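The values are calculated or read from the model by the stated rules, or taken from the named source; none is laboratory data. Everything quoted here is computed from the prediction, not taken from an experiment. Note that we place each Cβ from the backbone using ideal geometry, even for glycine, and neighbour counts take in every protein chain shown.
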């Protein structure tokens, strides 16, 4: 969750982290100009940032002069997961939630996207749920909706300024109405009208809120209260 800065943010650091995150999200090696296009940034500046990341070992340049995550990025990922303890605490609790027969997920909000730390459908080993899927639009996700509902309406408006909002064709006012209902009931229930025609039930987790957990599948309205209670107990146990 983004907080308002107490002082002027360091733009160089912001640009470096944006470059790092875009590189980490790329499914294959990516060139400097393509990365700059994705970021809407100056190619010369992005090139300098990539060379700095490569110098640090966080990025690696391939034989065809494209960039991909280097060993340093994997070290940072492992260190952050170890230091936070979130995955270590959550895994046995998330495994227990699978008794309901639904997909179980845990994710965090990053700008207008959700990054899933864990996403395990029924029938797969729990370990395969770690890092199984990448970023998804927050507005299409139960976890995204419940975490967006923790933000003020003004902050949500700023986040989606001049952007289309997936699953909300009527725009920001439609999204804000959904977030208001989510705040009032204390959880998100999202209907995803795709080929699976499924529902997601999600709650926010932590004090202050830092993540969300959810179950998804064919969930009739009558089953919602039981799942919310189970998710709340799981969130309290994870901490």
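Looking only at the stretch 184-198, residues that are surrounded by 14 or more Cβ atoms within 10 Å (Cβ to Cβ) and at pLDDT 95 or above come to 3 in all. Residue pairs whose Cβ atoms lie under 9 Å apart, separated by 6 or more positions or on different chains, with the first residue in the stretch 67-80 and in contact (Cβ under 8 Å) with a residue 24 or more places away in the chain and the second loosely packed, with under 11 Cβ neighbours inside 10 Å, are 68/28. Scanning for something under 28 Å from residue 19 (Cα atoms), under 21 Å from the mean Cα position of the chain (by Cα) and part of a helix (DSSP H, G or I), does the stretch 63-73 turn up at least one residue? Yes: the stretch 63-73 contains one or more residues that are under 28 Å from residue 19 (Cα atoms), under 21 Å from the mean Cα position of the chain (by Cα) and part of a helix (DSSP H, G or I). Does residue 234 qualify as being surrounded by fewer than 17 Cβ atoms within 10 Å (Cβ to Cβ), assigned by TED's automatic domain parsing to the domain that holds residue 114 and not in a loop (DSSP other than H, G, I, E, B)? Answer is no for this residue. Scanning the stretch 190-210 for residues that are touching a strand residue (DSSP E or B) at 6+ places or on another chain (Cβ under 6 Å) and under 12 Å from residue 143 (Cβ atoms) gives 190, 200, 201, 202, 204, 205. Restricted to helices (runs of 4 or more DSSP H) entirely inside the stretch 77-183, those with at least 1 residues that are touching a strand residue (DSSP E or B) at 6+ places or on another chain (Cβ under 8 Å) and either surrounded by fewer than 13 Cβ atoms within 10 Å (Cβ to Cβ) or assigned by TED's automatic domain parsing to the domain that holds residue 200 (or both) are 86-97, 142-148. Inside the stretch 54-68, residues that are crowded, with 19+ Cβ neighbours inside 10 Å and touching a strand residue (DSSP E or B) at 6+ places or on another chain (Cβ under 7 Å) make up a count of 2.
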